[in-house]
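Beneath this line is the structure, given in structure tokens, with notes to follow.
The values are calculated or read from the model by the stated rules, or taken from the named source; none is laboratory data. Values in this document were obtained by computation on a predicted structure and should not be read as measured data. Ideal geometry is used to build each Cβ from the backbone, glycine not excepted, and the neighbour counts take in all protein chains shown. The area values use the complete protein model at the heavy-atom level, side chains included, leaving out ligands, DNA and RNA. Shrake-Rupley method; radii C 1.70, N 1.55, O 1.52, S 1.80 Å.
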Amino acid sequence: MQTFDLLIIGSGPGGYVAAIRAAQLGMKTALVERYNTLGGTCLNVGCIPSKALLDSSERYHEAQTTFEEHGIGVGQLKLNLSKMIERKNAVVSQTVSGIDYLMKKNRIEVFHGHAAFENDKTVRISRKGKEDQLVQAERFIIATGSKPKVPPSFHYDKKRIITSTEALQLDKLPKQLLVVGAGVIGLELGSVFARLGTEVTVIEYLDRALPTMDKDCSKEILRPLKKLGMKFLFNHQVHEAKTQGRKAVVALQKREGGEPFQLKADYCLVAIGRRPYTDGLHLAKAGLKTDERGFIPVNEKLQTAKEHIYAIGDVVGGAMLAHKAEEEGVFVVEQLAGQQPALHYDRIPSVVYTWPEVASVGRTEEELKKAGIPYKAGKFPFRALGRARASGDLDGMVKVLAHKENDEILGIHIVGARAADLIAMAVSLLEYRASAEDAARMTYPHPTFAEALKEAALAAWDGKPLHI
Ligand code: FAD
Ligand code: NAD
């Protein structure tokens, strides 16, 4: 039986990054993945393919709507969706083969097959057509990720009732698409199809899009999405979705009463969150169990009830984000190597790759209010920036929230062009516990979108932005 210092189950951003760091720190490391390709949800059916389609569809939409204003005539535009999907598949396969390379380079033993605990020191790896393998390790990291949440009444058949996984593969453009959930997936994939010409209706249970983000972000992103033609039904709950012939039929109702009614479309994309995935892992054989929501409980060191078994990423809950999973992987492995790493959950950024993008780090205004923390807010609109006028990306704003008494920045929220990249700077400001004055006094290159951050920091610090 092969024996390792560390065996990691699941090769998503949590698992494969943990494997690399463990190998770098001298551990004899193995990684088990049930699929043929490495990279997990993020690389295969999540971050990377969705961003490839977001980029392609944004180019198409730009060519259709703004090229002319820039003095560029392109004649009759033609959409080749199959080619767009082919390109996306090529991006995915290049990216996942990059992980194969990294595993080899770091001499990580990769097993393809489904891992299940035999006991708390041994895992059985099974693969169709192959004999099972038993593998032992001193320590384990469970990084088995998540799957789309689809209640039974949604009759998920992958035909007309689909999740993000199938939506990323549609090579015939739907005329109409119903999206359940105005969260991250609903807005990202909804905008992909809206840009290409599909009539998209998003049904959301709560009263706004992106309900976990700062309210101003929800408000600000809605205008450009509506401009795309996306329709929103807020305060509506979907009870049932099913395939009828070649249509998806969705039964819904206003949240506070109202007559139930039906909507029909070519597809219904269910985007109401993801559930932790531990199916067939036989946690009980290792002396472990999940909580009532299916997550694996862990302590602040990310140890499970067995101190030599750790769990990270989507399967432990918290923000279901690739970079959160990665940081947790590194955090666990560095502890195992005797280091003293730190994880700052309150400074994990989140990004929605619509256009304009939405990006956020730290506390929202609603959270500060609820916690009774005295704060001041500074806002600056993108439309007042020279850079935004030059490119025509006028929608959006930056909002800086700082402590009312000591001026420490507590949250930064951005809707606007390149917000996804700007937020990295906001993360450093929070990491180094900068004040709004610090952020306002730095020199920012001109003309850039980043200048909106300086102006919002000025607005938060002394209420006097320069260009408005
Ligand atoms: P996963 O990536 O889910 O990987 C878990 C792996 O474990 C899988 O490969 C699975 O096959 C394997 N596995 C499970 N059980 C077993 C077993 N018993 N034996 C062997 N292998 C097993 N996050 C971002 O930060 N940015 C984005 O832009 C973004 N876009 C997204 C877009 C979409 C459409 C979706 C669905 C998600 C997106 N996410 C994004 C979320 C991100 O993909 C996840 O947060 C991230 O992949 C979680 O990483 P993980 O390592 O915990 O798990
Ligand atoms: P989400 O949690 O972001 O949004 C789900 C939405 O569905 C919520 O607004 C919720 O109120 C609504 N909802 C729930 N039940 C409903 C019902 N019956 N009727 C109407 N609305 C209902 O979930 P998601 O969009 O499915 O994304 C799943 C996870 O994937 C998220 O945690 C996210 O972090 C991750 N993800 C991240 C990115 C990114 O980082 N850019 C992209 C895609 C996905």
Members of the range 376-392 that are touching a strand residue (DSSP E or B) at 6+ places or on another chain (Cβ under 7 Å) and surrounded by fewer than 22 Cβ atoms within 10 Å (Cβ to Cβ)
Lys376, Ala377, Lys379, Pro381
Give the number of residues within the range 47-75 that are under 30 Å from Val123 (Cβ atoms) and either open to solvent by less than 20 Å² (accessible area, probe 1.4 Å) or not assigned by TED's automatic domain parsing to the domain that holds Gln94 (or both).
1
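For the range 252-287, give me each residue that is within 13 Å of ligand 1 (Cβ to nearest atom), assigned to a loop (DSSP other than H, G, I, E, B) and open to solvent by less than 50 Å² (accessible area, probe 1.4 Å). Break it down into steps so the answer makes sense when it comes.
Looking only at the range 252-287, we keep the residues that are within 13 Å of ligand 1 (Cβ to nearest atom), and these are 269-283, 285-286.
Those still in the list that are assigned to a loop (DSSP other than H, G, I, E, B) too: 271-273, 277-282.
The answer is Ala271, Gly273, Tyr277, Thr278, Gly280, Leu281.
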Of residues in the range 313-325 being open to solvent by 10 Å² or more (accessible area, probe 1.4 Å) and more than 16 Å from Val351 (Cα to Cα), the one nearest to ligand 1 (Cβ to nearest atom)
Asp314
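Can you list the helices (runs of 4 or more DSSP H) lying wholly within the range 415-468 that have 3 or more residues being under 30 Å from the mean Cα position of the chain (by Cα), assigned by TED's automatic domain parsing to the domain that holds Val361 and charged (D, E, K, R)?
So the answer is 451-462.
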For Ser93, state whether it is part of a helix (DSSP H, G or I), hydroxyl-bearing (Ser, Thr, Tyr), exposed (fewer than 15 other Cβ atoms within 10 Å of the Cβ) and not assigned by TED's automatic domain parsing to the domain that holds Gly392.
yes
Taking the range 4-45, which residues are outside any helix (DSSP H, G or I), small (Gly, Ala, Ser) and open to solvent by 20 Å² or more (accessible area, probe 1.4 Å)?
Gly26
Hits in the range 151-187 (condition: buried (at least 20 other Cβ atoms within 10 Å of the Cβ), of a type outside the set (Ser, Thr, Tyr) and more than 19 Å from Gly245 (Cβ to Cβ))
Ala167, Leu168, Val179, Val180, Gly181, Ala182, Gly183, Val184, Ile185, Gly186, Leu187
Evaluate the range 205-228: report whether one residue or more is surrounded by fewer than 22 Cβ atoms within 10 Å (Cβ to Cβ), of a type in the set (A, V, I, L, M, F, W, C) and in contact with an Asp or Glu (Cβ under 7 Å, 6 or more places away or on another chain).
no
